[in-house]
Amino acid sequence: MIFQSFNQRDTKMKTKLIIILLLLSIALKAQEADSAAIAKYFNNHTGAIVVLNNSTGKYFRYNEQRCAERFLPASTFKITNSLIGLETGVISDENFVIKWDGIERSKEWDRDHTLATALKYSVVPYYQELARREGKEKYMELLPKIDYGNNTVGEVVDRFWLDNSLKISADEQIEFLKRFYDYKLPFSKRSVDIVKKIMSEEKYPNSVMKFKTGTGNKEDKNWIGWLVGYVEKQSDVYFFAFNVEGKEFADVSKLRNEATRGILKLLKVIE
């Protein structure tokens with residue numbers, strides 16, 4: 001009877017192990033299938049995407065090694081820069097105006113802007129003026145507290161997020177966005193709520209996406225394009241960070257905009 005009991009338990013354990021291995025195999029095959037489908041969206045360009053399901057804590061990564069590689073954040077840093085400006089009082093609220101400096105750059109930029117319109121149109125001169133008003137010392141004090149990538153300000157206060165001094169990985173973008181969404185950053189609820197409100201938004205039948213784009217030149221002069229943000233879908237929240245690089249701005253900009261949405265739809269994050 002004792003031996004029979006041991007045999008029964010051994011059989012049950014083997015059965016459980018087989019089921020677990022089968023489930024893992026199915027999950028791996030599903031991820032491989034997703035990765036193969038996702039590769040097509042990059043159109044032979046190098047890139048990566050990370051998606052975190054906040055409810056389950058599960059990550060999806062395409063090009064896992066690159067997900068951990070740091071690059072300049074470009075205009076995705078405007079989320080952080082907005083928070084800093086609001087928290088330090090350099091900017092009072094989303095209606096705070098910084099006047100156009102008179103230098104012609106583009107139709108959307110060449111006018112006075114509020115914080116809300118500067119974030120919407122990704123107005124670099126607005127945020128450069130904000131950075132000059134903040135000063136290098138303030139960023140050196142705050143970035144380590146925020147824990148934003150390599151926390152490096154660099155030599156030029158109004159370009160450090162554009163000149164490859166400050167760098168962040170897709171994985172770190174996800175962790176930053178999660179802390180931002182959950183009010184775990186060293187900023188007041190008011191500051192966070194204002195930035196959440198003015199971030200770009202897209203509404204779908206069953207989900208809402210809030211996001212920020214970014215594009216800049218790496219040290220090798222290749223363009224890198226970012227699209228980062230989060231999706232609220234019923235009771236779930238998904239955080240995502242996408243980057244892609246190439247030799248032409250137009251290619252990178254198009255892939256950044258189209259591939260991210262295509263992948264999120266494929267993964268049924270937005271629908």
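The values are calculated or read from the model by the stated rules, or taken from the named source; none is laboratory data. Values in this document were obtained by computation on a predicted structure and should not be read as measured data. Positions of Cβ are generated from backbone atoms using ideal geometry, with glycine treated the same way; all protein chains shown enter the neighbour counts.
The residue that is surrounded by the most Cβ atoms within 10 Å (Cβ to Cβ), counting only those in segment 207-252 that are part of a strand (DSSP E or B) and basic (Lys, Arg), is LYS212.
Scanning segment 176-190 for residues that are crowded, with 20+ Cβ neighbours inside 10 Å and of a type outside the set (A, V, I, L, M) gives PHE176, PHE180, PHE187. Just one of (1) at pLDDT 95 or above; (2) surrounded by fewer than 21 Cβ atoms within 10 Å (Cβ to Cβ) fails for GLN173. It is (2). Assessment of segment 42-59 against the conditions (in a helix (DSSP H, G or I) and either at positive phi or not charged (D, E, K, R) (or both)) yields no matching residue.
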